[in-house]
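Engineer: Let me begin by handing over the structure; questions about it come next.
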Amino acid sequence: MLDSQIKHWWGTPLVGLAGGYLASLIGWPLPWMVGSLLAIILVRCLTPWQLAEIPGGRKCGQWIVGIGIGLHFTPVVMEQVLAHFWLILAGALLTSVSSVIGIWLMRRSGEDRATAFFSSMPGGSGEMVNLGARNGAVLSRVAAGQSLRVLTVVLCVPAAFKYLLGEGAPAVQPASINFYWLALLFPAGALLAWIWQRLRQPNPWLFGPLLVSAGVSILWDLHIGLPDGSSQMGQWLIGSGLGCHFNRAFFRRAPSFIGKTLLGTALTMLIASLCALGLSALTQLDLRSMTLGMMPGGIAEMSLTAETLQLSVPLVTALQVMRLIFVLFLAEPLFRYWARQDQANPS
């Protein structure tokens, strides 16, 4: 049984490593995530070899990345984030509302209401599939729409930021490494992730380690970082896991649906950029960090991009987390209100 499972995924880490290494050679931003992601998609689409996800691989990658993101939070940084709380709230709300465009496009192409709604919401894939299941959506399409949105953002945004907007100012000095603290943070983060998962909360293997790491970093004002190569390992594991969601059949299935998803994602990204420009003009906050924080991507992916380009990781993370909270708590009530309104006022 174990041998049979290994046969399906033993090549995944190797192909991911090869892709990440090639992407790093050409200087591609976020190379170990984007490179491993593309390499695995290409193998699954162009060959009969259907690489499977490494058991627990993506969770492990999120665990590493969550610890790393949390270490960027310090008392001074947290004060700055809290000082701009209402701005962060407004930015997250604007990004969430922009998903209406995707819903409209889906409805125009003939998708049912529930499928159009939950496949367009910029929330986590697993969470949106669960909400869609409770409201009669076509789950395969919800999962496809969510996966394609994240894929589009991961492939486009880091490259656009690096080559069009430039990198952030270099760090004054690299963060020190304290293995005693890290030896405490990693097990504590895994424990909270396990509890978070048992409570059926969203994104447990990112949020659990992130909360532990950020809390300890703020309370003890740590100013430490992860050892060299840790971020790359997290990228590789996450990218390898994401790539296994795509194959030739995925891209052949319902090309109209895929086209509408890509168009909706592109328009949402454009609106996010314009909103970030307006909000940044009202404050002293960095435009690049604001824009990245408002992109409809995953928290781990966008925070890693901020880290790679040396932008404000806490600001980007705060915007992404706030948007996820909006979507998770408001998506279902808004959908049911919309359904009731249509029933009360049939066209």
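Engineer: Remind me, relative contact order of region 112-212 in percent, using alpha carbon pairs under 8 angstrom and six or more residues apart? Intermediate values should be presented prior to the final figure.
Structural biologist: Working: 86 pairs, mean separation 19.8, N = 101.
For region 112-212, the relative contact order is 20 percent.
Engineer: So what's the back-of-envelope 222 nm ellipticity for the chain, counting only DSSP H runs of four-plus at -39500 (n - 2.57) apiece and dividing by all residues, rounded to 500? Can you show the working numbers first?
Structural biologist: Details: 18 runs with 257 residues, N = 347.
Calculated at 222 nm, the ellipticity per residue is -24000 deg cm²/dmol.
Engineer: Just to confirm my numbers, what's the Cα centroid distance between region 187-249 and region 87-150 in Å?
Structural biologist: 24
Engineer: Given contacts defined as C-alpha pairs under 8 Å and at least six residues apart, what's the relative contact order of the chain, whole-number percent?
Structural biologist: Details: 533 pairs, mean separation 106.5, N = 347.
Computed over the chain, the figure is 31 percent.
Engineer: While we're here: Please identify, among Trp194, Trp205, Trp32, the residue showing maximal mean-square fluctuation in a Gaussian network model of the chain using a 10 angstrom Cα cutoff.
Structural biologist: Of Trp194, Trp205, Trp32, the Gaussian network model singles out Trp194 as fluctuating most.
Engineer: Further, regarding this structure: ³J(HN,Hα) across region 207-224 via Karplus (A = 6.51, B = -1.76, C = 1.60, θ = phi - 60°), whole Hz, x for Gly/Pro?
Structural biologist: Karplus-based 3J(HN,Hα) across region 207-224 equals 5, x, x, 5, 5, 4, 5, 5, x, 5, 4, 6, 5, 9, 6, 6, 6, 10 Hz.
Engineer: Highest GNM mean-square fluctuation, the chain, Cα pairs closer than 10 Å: which of Gln146, Gln284, Gln62?
Structural biologist: Maximum fluctuation in the GNM of the chain, among the listed residues, is at Gln284.
Engineer: Sticking with this structure for a sec: Taking the chain as a Gaussian network, Cα atoms linked when under 10 Å apart, which of Gly68, Gly225, Gly56 shows the biggest mean-square fluctuation?
Structural biologist: Gly56
Engineer: Another question about this same structure. Rank Gly20, Ser240, Phe85 by how far each Cα sits towards the positive end of the charge dipole of the chain (+1 on Lys, Arg Cβ; -1 on Asp, Glu Cβ) and give me just the farthest.
Structural biologist: Most positive-ward Cα: Ser240.
Engineer: Further question on the same structure: What is the distance, in nm, between label points placed 7 Å from the Cα along the Cα-to-Cβ direction at Leu262 and at Thr47?
Structural biologist: According to this spin-label approximation, the distance is 2.5 nm.
Every read-out reported here was derived from the displayed coordinates using simple, explicitly stated rules and does not represent laboratory data. Keep in mind that this is a model prediction, so the values were computed, not measured. When we count neighbours, we look across all protein chains shown, and the Cβ atoms used for this are built from the backbone with ideal geometry, even at glycine.
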